[in-house]
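Chemist: Please see the structure below; I have some questions.
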Amino acid sequence: MYKPKPPIDPEAYARKIKSVGDSRRETQRVEEENKRKEVLSSPRPIDEDLSIRGIGQLKVQILYMPPFEINYIWDIRQEEETGIQTYSLYENVLISRKTIAPGYKKILIPAVQLTQLLEKIYATSIPFRITPMNGVGLDGTLYGIHIFENFFRTIKVSWWEEPQDDLVELHKLLALQIELFKNSKDKILVV
């Protein structure tokens, strides 16, 4: 015999839907957190960007590799929220020229300062003809900059301690910033 279903209580149905949605969101949050921990606890190639939510898009990497000292790489990342672009700075240590150590630190530098730095970097003119360097760079500090627009457009430039004439402007700009980045005390470990 046919029994009609009792009428649906809107409040009970809303609680049930909310409970299912909350459970799904919590599962996604836990999965994302586990992925984030896994990514940040492993070394990675220098050409491989982090794929974790909340850190923004990689725009510029600045390399600093002095001999017999800690080698650093700093990432300037662009974040966009409600149409407004801001920039953040992150620091990491290099294990080698091609490998980034586990971990990631956010350096608390005003976004305005990073915006000005990016504008200066983008305004720098560098010819594509590579000027030969004098001597061989066996000892000394290696500097570098990687500029990213998307997966298909990158520019990478590196030089030894004494830059060629066409890199002097960029070298002076980055050397000043590197000293500020290295000596910054406001660093937060990203976990």
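Chemist: Roughly how tilted is helix 10-40, in degrees to the nearest 10 and between 0 and 90, from the longest Cα axis of the chain?
Modeler: 20 degrees
Chemist: Under 9 Å from the Cβ of ILE188, count the other residues' Cβ atoms, weight Lys and Arg +1, Asp and Glu -1, and hand me the total. Mind showing how you got there, number by number?
Modeler: Values: positive: LYS105, LYS106, LYS187; negative: ASP186.
Result for the neighbourhood of ILE188: +2.
Chemist: Grab the beta carbon distance between LEU108 and LYS156, set R0 = 25 Å, and tell me the FRET efficiency rounded to 0.05.
Modeler: Details: r = 27 Å, r/R0 = 1.09.
About 0.35, to the nearest 0.05.
Chemist: State the percentage of accessible surface on the range 1-114 attributable to carbon and sulfur atoms; use a 1.4 Å probe and exclude ligands, DNA and RNA. All intermediate terms of the calculation are to be shown ahead of the outcome.
Modeler: On the way: 4280 of 7720 Å².
The computed percentage sits at 55.
Chemist: When the solvent-accessible surface of protein heavy atoms is calculated with a 1.4 angstrom probe, in what order do LYS35, LYS98 fall, highest first?
Modeler: Numbers: LYS35 100, LYS98 150 Å².
Correct descending sequence by accessible area is LYS98, LYS35.
Chemist: Moving on to the next point. By per-residue mean of other Cβ atoms within 10 Å, what is the highest-first order of 169-176, 81-88?
Modeler: Numbers: 169-176: 15.9, 81-88: 11.4.
Answer by packing, highest mean first, reads 169-176, 81-88.
Chemist: Another question, if that's okay. Taking all protein chains together and a probe of 1.4 Å, list ASP165, ASP75 from the most accessible to the least accessible.
Modeler: Working: ASP165 145, ASP75 5 Å².
Listed by decreasing accessible area, they come as ASP165, ASP75.
Chemist: Given the C-alpha centroids of the range 173-191 and the range 23-46, what is the distance between them in whole angstrom?
Modeler: 26 Å
Chemist: Now, a different point. Between (1) 99, 40, 28; (2) 97, 33, 33; (3) 64, 52, 32, which matches Cα extents along the principal axes in Å calculated for the structure shown?
Modeler: Answer by label: (2).
Chemist: Give me the distance in nm between label points sitting 7 Å out from Cα along the Cα-to-Cβ direction at ASP165 and LYS182, one decimal.
Modeler: 2.9 nm
Chemist: For the chain, what is the accessible area per residue in Å² when the probe is 1.4 Å?
Modeler: Each residue of the chain exposes 69 Å² on average to a 1.4 Å probe.
Chemist: R0 = 25 Å: FRET efficiency of LEU189 with ASN34, Cβ-based, nearest 0.05?
Modeler: Details: r = 17 Å, r/R0 = 0.70.
That gives a FRET efficiency of 0.90.
Chemist: Next up: For the range 83-191, state what percent of all Cα-Cα pairs lands in each successive 10 Å bin, counting from 0 Å until the bin that includes the largest distance.
Modeler: 11, 38, 39, 11, 1
The values are calculated or read from the model by the stated rules, or taken from the named source; none is laboratory data. Nothing here was measured: the structure is a model prediction, and the numbers come from that model. Positions of Cβ are generated from backbone atoms using ideal geometry, with glycine treated the same way; all protein chains shown enter the neighbour counts. For the accessible areas, the whole protein counts, side chains as well, though only heavy atoms, and no ligand, DNA or RNA atoms are used. Shrake-Rupley method; radii C 1.70, N 1.55, O 1.52, S 1.80 Å.
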